[in-house]
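Take a look at the structure set out below.
The values are calculated or read from the model by the stated rules, or taken from the named source; none is laboratory data. Treat the numbers as computed from the prediction; the structure is a model and nothing was measured. Quick reminder, even Gly has a Cβ in these numbers, built from the backbone with ideal geometry, and neighbours come from all protein chains shown. These area figures cover heavy atoms from the full protein model, side chains too; ligands, DNA and RNA do not enter into them. Shrake-Rupley method; radii C 1.70, N 1.55, O 1.52, S 1.80 Å.
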Amino acid sequence: MQRYNPKEIEPKWQKIWEDSKIYEADNSSDKPKKYILEYFPYPSGAAMHVGHVRNYTIGDAMARFYRMQGFNVLHPMGWDAFGLPAENYAIKNNISPQTAIKENTGKFKQQLMQMGFSYDWSREINSSDPSYYKWTQWFFQLLFERGLAYQKESLQWWCEHDKTVLANEQVEAGKCWRCGNSVSKKSLNQWFFKITDYAERLADDLEKLDWPDGVKAMQRNWIGKSKGAEVDFRVEDANGVIRVFTTRPDTLFGATFIVLAPEHPLIDTLVTDSEKIKVEEYIKTSVQKSEIERQETDRDKTGVFTGSYAINPVNNAKVPIWVADYVLPGYGTGAIMAVPAHDERDYDFAKKFDLQIIEVVQKPEGFEGCYSGEGLMVSSNHYNGLSSSDAREKIVSDLSSQGAAEEKINYKIRDWLISRQRYWGAPIPIIHCQKDGAVAVPKDQLPVVLPEVESFQPTGDGRSVLASIPEWVYTTCPKCGGPAQRETDTMDGFACSSWYFLRFADPHSDNEPFSKDKVKYWLPVDDYIGGAEHAVMHLLYARMWTKVMFDSNLIEFDEPFLKLRNQGMILAPDGRKMSKSWGNVIAPDDIIAQGYGADSVRLMELFIGPWDQSAAWSIEGMGGVFRFLQRVWTLVQEYLASEKGHIDTRALHQSIHRTIQKVTVDISEMSFNTAIAALMECVNELYKIKSVDKYSSEGWQNSLETLVQLTAPFAPHIAEEMWAQLECEGSVHASDWPIWSDDYLVVETMKIAVQVNGKLRAQLVLPSESDEEEVIAAARSDEKIKKYLTTEPEKVIYVAGRLINFVV
RNA sequence: GGGCGAGUGGCGGAAUUGGUAUACGCGACGGACUUAAAAUCCGUUGGUCUAAAAACCUUGUGGGUUCAAGUCCCACCUUGCCCACCA
């Protein structure tokens with residue numbers, strides 16, 4: 001008997017699948033379409049480990065399942081090749097990024113191939129290829145034309161290690177998201193995408209998405225919509241006005257001082273001579289303070305009095321104006337009214353500097369300290385007795401009529417900074433002309449090709465290495481023909497990934513980014529699978545670009561990913577994250593080399609637990625899934641070797657049909673671990689049944705074919721091999737998904753649990769067609785139950801086919 | 001401080017959404033086959049008390065609702081991730 005040897009069959013089928021192109025998606029088909037996408041990887045130096053592979057295993061199981069279910073499936077793969085990971089790898093290994101990408105995509109592709117994933121490789125894309133970034137630049141121009149790309153000199157996050165600026169989203173707790181080093185601020189002239197224009201739609205449209213609540217919450221939080229009002233405080237003895245933003249205008253009567261951010265432009269005119277030295281000193285130290293330090297929440301409040309006063313518009317109260325760095329310059333107006341009785345931060349500040357505290361919102365009974373909730377108004381003149389929310393509206397409308405306030409919605413989100421002072425990215429397609437300013441490179445001259453350079457080491461002077469290639473930099477203005485210089489910064493890698501899912505619909509088009517028809521057919525993405533780390537970066541950017549394209553009539557939908565799911569992380573067997581420094585990384589290559597094969601790795605990835613929860617990799621568990629495959633294999637081999645002519649029992653068909661149902665429902669619900677458990681259970685049952693049936697009938701042939709089909713989405717190689725052994729037509733992966741028959745789901749007997757007062761006391765096996773009366777009669781005559789039923793039960797509860805409960 | 005999740009045998013995890021808790025797998029133990037081991041196959045396996053049966057206990061803790069709670073409600077404990085002086 002032939003032994004199960006994955007080392008032999010897996011490469012064989014991979015070759016056959018590749019040659020026969022069975023996974024290529026058809027751009028026109030009568031079948032319903034399904035676009036299943038996993039986030040395309042950045043091919044860094046390190047090979048993929050079993051954690052990365054899980055993501056692709058999930059997508060592949062679904063792609064295969066839906067294909068067999070009669071869908072026209074698009075399941076593509078490509079490379080997010082531009083950006084820091086690739087460039088850093090190149091620098092470290094002293095090779096060019098071009099070479100590094102070639103090496104690394106080759107390695108990644110080989111890893112994906114050996115896993116037997118059913119990608120349509122004819123659609124492979126690479127974001128660092130001119131044929132791709134030509135269109136990334138084209139979209140930059142689209143944004144530029146629409147006023148959504150602009151240049152601004154400003155202080156920005158700067159990573160000294162990676163020698164580039166970073167977007168807000170790419171700074172995590174004061175550290176660079178790539179290298180983990182602390183970041184600082186640097187003033188540079190930078191390009192931005194105006195994502196703030198889309199803040200409201202990005203927040204509102206989350207409603208219509210089938211995404212994990214956590215990701216939606218993160219985006220909502222990041223966009224940070226808050227409704228409030230801007231209120232003007234007149235400066236006493238001067239003409240100036242200080243405009244503050246507040247979400248709680250109802251607490252205006254409790255405002256006892258004003259706080260300006262140290263960067264606030266009015267400070268100069270407000271400071272009195274006596275306070276000048278102290279204020280200047282304070283501003284100097286707080287600006288020098290590292291941003292991280294300034295953002296420490298539990299840091300003691302600091303601040304200084306300006307010597308000036310402002311007038312509270314609701315009651316003409318004179319309130320002191322302070323400067324403190326707990327007020328951020330970039331949000332709202334950079335100035336606040338402080339209400340210490342009802343805001344924790346203002347309370348701390350008032351306590352420390354001994355400022356007045358006035359309560360205007362009634363606290364709940366027994367509440368101590370600063371109260372930030374809602375309630376009835378007190379000490380607020382004619383607003384007394386109103387609820388906070390009513391007072392809020394009334395005060396704002398009253399002040400508005402005097403021109404002293406207006407309703408205002410603020411967002412925390414800032415525009416997306418996309419300039420990178422690095423070599424390895426799509427050049428920003430702009431030419432700077434003395435006369436015409438920033439001029440877009442005409443679309444018919446795209447791509448602006450990234451020139452090959454000798455050294456791509458970042459300079460650190462705030463300009464990319466492209467600045468050191470005069471023959472590239474110096475050019476002529478497309479508008480006036482005069483001398484001009486190219487923009488030398490490149491685009492953030494996230495620009496490339498903001499539209500790649502569209503390119504897969506039409507990956508080789510040379511005269512447009514994609515054909516409208518093809519995109520209309522394939523998009524939006526039906527199932528998107530990726531890590532939660534993309535919650536506020538890629539997923540926000542891609543949504544914005546999609547909306548821009550929608551507004552430009554390029555596409556007919558304004559959300560790219562209808563359904564999003566985050567896979568759980570695979571930890572090392574020791575429970576820690578896999579990392580080179582811990583030395584606990586497990587690559588699929590190692591497991592395959594040990595002889596388990598890709599099919600076992602794939603099964604393990606899904607069987608280890610719910611796919612959306614993290615789990616520690618189990619080395620022992622590999623034996624379990626391998627054993628399962630081997631048991632299926634053995635069933636088929638023994639069947640093929642058996643003498644024909646026996647009959648099969650109903651138990652066989654019942655087992656198979658029950659499994660068809662369970663596996664079909666479970667995969668549809670993405671409950672892969674229980675689908676695999678059901679297959680294991682079925683195989684265990686078949687082992688028992690085979691000794692009775694001697695398995696050699698046509699029923700067994702059909703049953704084994706079905707079992708092979710049900711296994712195919714998870715373990716495609718062994719399934720394909722057994723499909724061939726059973727002499728079935730074509731590929732199992734192109735076969736029709738089995739359908740269960742309800743006849744076989746009918747069982748002859750049912751098991752009834754008998755409870756007395758909710759406690760299980762006996763179990764009965766009765767004919768399935770028994771009615772309530774018969775079941776109760778049978779239960780009452782049971783010896784064990786009789787013991788408990790000394791008196792007539794008060795109540796009898798019967799759950800059909802399940803249980804009976806006597807209440808005594 | 002805010003948001004989202006999680007807590008079930010020795011371990012990873014199931015549980016028809018309120019109806020027989022511990023499916024499936026790992027590990028462990030026993031048996032068959034073998035000169036022997038591995039592999040394979042067949043059993044047993046939540047705990048206490050037992051010779052055994054019976055009984056009792058058991059889904060982080062404490063309450064509650066219900067004929068019935070891992071599941072629903074309230075309070076608390078532990079833990080993971082994300083955001084965090086955004087007025």
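Quick notes on this one:
- Looking at A:LYS175, A:LYS152, A:LYS107, just one residue is touching a residue at least 60 places away in the same chain (Cβ under 8 Å) and not small (Gly, Ala, Ser), and that residue is A:LYS107.
- Tally of residues being closer than 25 Å to A:GLY730 by Cβ and in contact with a helix residue (DSSP H, G or I) (Cβ under 6 Å, 6 or more places away or on another chain) across segment A:687-698: 1
- Residue match in segment A:284-293 (condition: among the charged types (D, E, K, R), at pLDDT 70 or above, closer than 30 Å to A:CYS176 by Cα and away from RNA strand B (no atom under 12 Å from the Cβ)): yes
- Of all residues in segment A:777-794 being modelled with pLDDT of 80 or more and among the aliphatic types (A, V, I, L, M), the one that is farthest from RNA strand B (Cβ to nearest atom): A:ALA777
- Residue ID - most open to solvent (accessible area, probe 1.4 Å), chosen from residues in segment A:88-146 that are basic (Lys, Arg) and closer than 18 Å to A:GLU512 by Cβ: A:ARG146
- Selection from segment A:476-501 of residues that are crowded, with 16+ Cβ neighbours inside 10 Å, touching a Lys or Arg at 6+ places or on another chain (Cβ under 9 Å) and over 30 Å from A:PHE514 (Cα atoms): A:ALA484
- Taken together, A:GLY45, A:GLY78, A:GLY70 contain a single residue that is modelled with pLDDT of 95 or more and surrounded by 15 or more Cβ atoms within 10 Å (Cβ to Cβ), which is A:GLY78.
- Filtered residues of segment A:387-397 (kept if out of contact with any helix residue (DSSP H, G or I) (no Cβ under 7 Å at 6 or more places or on another chain) and either closer than 14 Å to A:VAL361 by Cα or open to solvent by 70 Å² or more (accessible area, probe 1.4 Å) (or both)): A:SER387, A:SER389, A:ASP390, A:GLU393
- Sole residue being within 29 Å of A:ALA391 (Cα to Cα), open to solvent by less than 40 Å² (accessible area, probe 1.4 Å) and out of contact with any Phe, Trp or Tyr (no Cβ under 6 Å at 6 or more places or on another chain), chosen from A:VAL231, A:VAL215: A:VAL231
- With respect to the conditions (1) open to solvent by less than 50 Å² (accessible area, probe 1.4 Å); (2) out of contact with any Gly (no Cβ under 9 Å at 6 or more places or on another chain); (3) among the hydroxyl-bearing types (Ser, Thr, Tyr), A:SER691 lacks only one, and its number is (1).
- Residues of segment A:348-386 that turn out to be assigned to a loop (DSSP other than H, G, I, E, B) and surrounded by fewer than 12 Cβ atoms within 10 Å (Cβ to Cβ), as a count: 8
- Matching residues, segment A:18-42, being open to solvent by less than 20 Å² (accessible area, probe 1.4 Å), assigned to a loop (DSSP other than H, G, I, E, B) and not hydroxyl-bearing (Ser, Thr, Tyr): A:ALA25, A:PHE40, A:PRO41
- Condition broken by A:PRO85, with the remaining ones in (1) touching a Ser or Thr at 6+ places or on another chain (Cβ under 7 Å); (2) under 25 Å from A:ASN584 (Cβ atoms); (3) at pLDDT 90 or above satisfied: (3)
- Of the residues making up segment A:15-62, those that are in contact with a strand residue (DSSP E or B) (Cβ under 7 Å, 6 or more places away or on another chain) and among the charged types (D, E, K, R) are A:ASP26, A:LYS31, A:LYS33, A:LYS34, A:GLU38, A:ARG54.
- Criterion violated by A:GLY609 - all others in (1) more than 8 Å from RNA strand B (Cβ to nearest atom); (2) in a loop (DSSP other than H, G, I, E, B); (3) open to solvent by less than 30 Å² (accessible area, probe 1.4 Å) satisfied: (1)
- Hey, A:GLN151 out of contact with any strand residue (DSSP E or B) (no Cβ under 6 Å at 6 or more places or on another chain) and of a type in the set (S, T, N, Q) or not: no
- Residues in segment A:179-208 that are part of a loop (DSSP other than H, G, I, E, B) and crowded, with 17+ Cβ neighbours inside 10 Å: A:LYS194 alone.
- For A:LEU652: the one exception among (1) on the phi < 0 side of the Ramachandran plot; (2) surrounded by fewer than 21 Cβ atoms within 10 Å (Cβ to Cβ): (2)
- Some residue of segment A:332-341 being surrounded by fewer than 18 Cβ atoms within 10 Å (Cβ to Cβ) and hydrophobic (A, V, I, L, M, F, W, C): no
Conditions tested, residue by residue: (1) at pLDDT below 95; (2) more than 10 Å from RNA strand B (Cβ to nearest atom); (3) among the aromatic types (Phe, Trp, Tyr).
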residue	(1), (2), (3)
A:LEU635	yes, no, no
A:GLU638	yes, yes, no
A:ALA641	yes, yes, no
A:THR649	yes, yes, no
A:THR659	no, yes, no
A:ALA677	no, no, no
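- Test: residue in segment A:148-161 that is open to solvent by 40 Å² or more (accessible area, probe 1.4 Å), closer than 16 Å to A:MET544 by Cβ and more than 25 Å from the chain's Cα centre (by Cα): yes
- Scanning segment A:310-325 for residues that are open to solvent by less than 50 Å² (accessible area, probe 1.4 Å) and either of a type in the set (Phe, Trp, Tyr) or at positive phi (or both) yields one hit, A:TRP322.
Residues checked against (1) within 12 Å of RNA strand B (Cβ to nearest atom); (2) at pLDDT 90 or above; (3) not hydroxyl-bearing (Ser, Thr, Tyr):
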{"residue": "A:GLY174", "(1), (2), (3)": "yes, no, yes"}
{"residue": "A:TRP177", "(1), (2), (3)": "yes, no, yes"}
{"residue": "A:ALA203", "(1), (2), (3)": "no, yes, yes"}
{"residue": "A:GLU207", "(1), (2), (3)": "no, no, yes"}
{"residue": "A:ASP210", "(1), (2), (3)": "no, yes, yes"}
{"residue": "A:MET218", "(1), (2), (3)": "yes, no, yes"}
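- Output for segment A:594-606, where each listed residue is open to solvent by 30 Å² or more (accessible area, probe 1.4 Å) and within 19 Å of A:VAL683 (Cβ to Cβ): A:TYR596
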